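Visitor: Structure incoming, see below.
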Amino acid sequence: MINNNVGLVLEGGAMRGIFTAGVIDVMMENDIDFPALVGVSAGAAFGCNYKSRQPGRVLRYNLTYCREPKYCSFRSLIKTGDLFGADFCYHAIPDRLDPFNKNVFNEDPMRFYVVCSDIETGQPHYQQIEKVDDDCYEWIRASASMPLVSRVVELHGRKYLDGGVTDSIPLSFMERQCARNIVVLTRPRDYQKKPASMMPAFRHSLKGYPKMLEAVKNRHLMYNRQRDLVFAREKAGRALVICPDAPLEIGRVEHKAARIKQTYALGRRAAECRLDEIRRFIANEN
């Protein structure tokens, strides 16, 4: 089932993205397709499996490697500069350990975009990924590279970090392609972001990049405005919003398999309960 005028928007949230994985797996299993998908951070890292048609893969490799220091650990941060190990997460897993279906990704017609933050301009960069290669993996890594716990990713002469800093919920971007969109959030409806609590650390980490630092400082304002837009579009019938009913009990770094399974199950349940509504929205039925 596809409507060329309905897109899919996936926000980030580190391991809260496991909720998103549950949502998109249910939609894939029910043959719900989209002409275009834009993902930010975890929304990009997990959302790429939609275009490669691999439901269950996100849950599988997170359960397999959640206790592996090379996957995600403070040991990895100290040793490599990345909380989520760059080589292990973005090369070893998709290339060898839990192979990413490159051929399907390359042939699938869905337009897949990731959002990164250009740290020199402090502006979002939207990258369409059409084929799987090292650049593909690095664009996804850049989108998910959180300040303070990730190295800057350099691509084609530019420097990038987490796309969520400059465009956390890229609905406005997707509306330039699709008039109506399904938006998957990883925070409940009543959530409001507060100012960053670690600005001194950000000032040290981003010294030399004043525009990116300003984006970090103002992120809560941008994010809350974007949420207002999302729910205004929902009220107008131009968006369908799927989000958890309550704060997800999963950490940014999560080593407990039970919490990963629970969060994934919540995402599945959220999508399953609204499958008929999703189908009607895509069919443009009231």
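The values are calculated or read from the model by the stated rules, or taken from the named source; none is laboratory data. Keep in mind that what you see is a predicted model, and the values were worked out from it rather than measured. A quick note on method: Cβ atoms are made from the backbone with ideal geometry, for glycine too, and the neighbour counts reach across all protein chains shown. Ligands, DNA and RNA are excluded from the accessible area calculation, which covers all protein heavy atoms including side chains. Shrake-Rupley method; radii C 1.70, N 1.55, O 1.52, S 1.80 Å.
Visitor: Please report the Cα spread of region 58-98 along all three principal axes, rounded to whole Å, starting with the longest.
Guide: Each principal axis gives a Cα extent; for region 58-98 these are 26, 18, 11 Å.
Visitor: Would you mind counting up the charge near Ser76? Only other residues with Cβ under 15 Å from its Cβ, with Lys and Arg at +1 and Asp and Glu at -1.
Guide: In short, +3.
Visitor: What is the sum of charges around Arg176, taking Lys and Arg as +1, Asp and Glu as -1, for the other residues whose C-beta is under 15 Å from the C-beta of Arg176? Before the final figure, lay out each step's value.
Guide: On the way: positive: Arg111, Arg180, Arg233, Arg238; negative: Asp167, Glu175.
So the surrounding residues net to +2.
Visitor: Another question, if that's okay. Taking the solvent-accessible surface of protein heavy atoms with a 1.4 Å probe, what is the per residue accessible area of region 135-202 in Å²?
Guide: On a per-residue basis, region 135-202 sits at 40 Å².
Visitor: Toward the positive end of the charge dipole of region 205-251, about the Cα centre and with charges on Cβ (Lys, Arg +1; Asp, Glu -1), which of Ile242, Tyr223, Met212 goes farthest?
Guide: Of Ile242, Tyr223, Met212, it is Met212.
Visitor: Within the chain, which is the longest segment that contains none of the GluC sites (Glu not before Pro) sitting in a DSSP loop with at most 15 other Cβ atoms within 10 Å?
Guide: No qualifying site falls inside 1-119, the longest such stretch.
Visitor: What distance in nm lies between label points placed 7 Å from Cα along the C-beta direction at Leu229 and Asp98?
Guide: Inter-label distance under the simple model: 3.2 nm.
Visitor: Taking square-rooted eigenvalues a ≥ b ≥ c of the alpha carbon gyration tensor, is region 1-159 rounded, prolate or oblate, where a/c under 1.5 means rounded and, failing that, a/b exceeding b/c means prolate?
Guide: Judged from the Cα gyration tensor, region 1-159 comes out oblate (a/c at least 1.5, b/c at or above a/b).
Visitor: To make sure I understand the rule: partners must be lysines, Cα under 27 Å from the Cα of Lys261, and not fewer than 8 residues away in the same chain. Which ones qualify?
Guide: Within reach: Lys51, Lys70, Lys102, Lys193.
Visitor: Can I ask one more? For Lys193, what charge total do you get from the other residues with a beta carbon under 15 Å from its beta carbon, if Lys and Arg give +1 and Asp and Glu give -1?
Guide: Once all neighbours under 15 Å are counted, the net charge is +4.
Visitor: So how much slack lies between Lys261 and Gln177, counting 0.36 nm per residue of separation and subtracting their Cα-Cα distance, in nm?
Guide: Computed gain between Lys261 and Gln177 is 26.8 nm.
Visitor: Could you pull out which residues in region 135-157 have an amide N less than 17 Å from a spot 7 Å beyond the Cα of Glu120, following the Cα-Cβ vector?
Guide: Answer for this model: 152-157.
Visitor: Considering only protein heavy atoms and a 1.4 Å probe, what is the carbon-and-sulfur percentage of the accessible area of region 190-263?
Guide: C and S fraction of accessible area: 54 percent.
Visitor: Between Ala236 and Met28, take the C-beta separation as r, use R0 = 30 Å, and let me know the FRET efficiency to the nearest 0.05.
Guide: 0.65
Visitor: Ranked from the most accessible area to the least, with a 1.4 Å probe and all protein chains present, what is the order of Arg53, Arg180, Arg233? Can you show the working numbers first?
Guide: Numbers: Arg53 80, Arg180 35, Arg233 60 Å².
Ranked list, largest accessible area first: Arg53, Arg233, Arg180.
Visitor: Right, next: Express as a percent, rounded to the nearest 5, the fraction of DSSP beta bridges in the chain (both residues included) that run antiparallel.
Guide: Among the beta bridges of the chain, antiparallel pairing accounts for roughly 45 percent.
Visitor: Turning to a different aspect of this structure: If I take every Cα pair under 8 Å that is 6 or more residues apart in the chain, average their sequence separation and divide by the length, what percent do I get for the relative contact order?
Guide: Relative contact order of the chain: 27 percent.
Visitor: Counting only residues 5 or more places away or on other chains, whose amide H sits under 5 Å from the amide H of Leu240 once H atoms are built in the peptide plane?
Guide: Under 5 Å from the amide H of Leu240: Asn181, Ile182, Val183.
Visitor: Note the full-extension length gain between Asn106 and Glu130 as 0.36 nm times their separation in residues minus their Cα-Cα distance, in nm to one decimal.
Guide: On the way: separation 24, 0.36 × 24 = 8.64 nm, distance 0.62 nm.
Here the answer is 8.0 nm.
Visitor: Check which residues have an amide H placed less than 5 Å from Ala36's amide H, if you skip close sequence neighbours.
Guide: The list, which skips near neighbours in sequence, is Leu8, Arg111.
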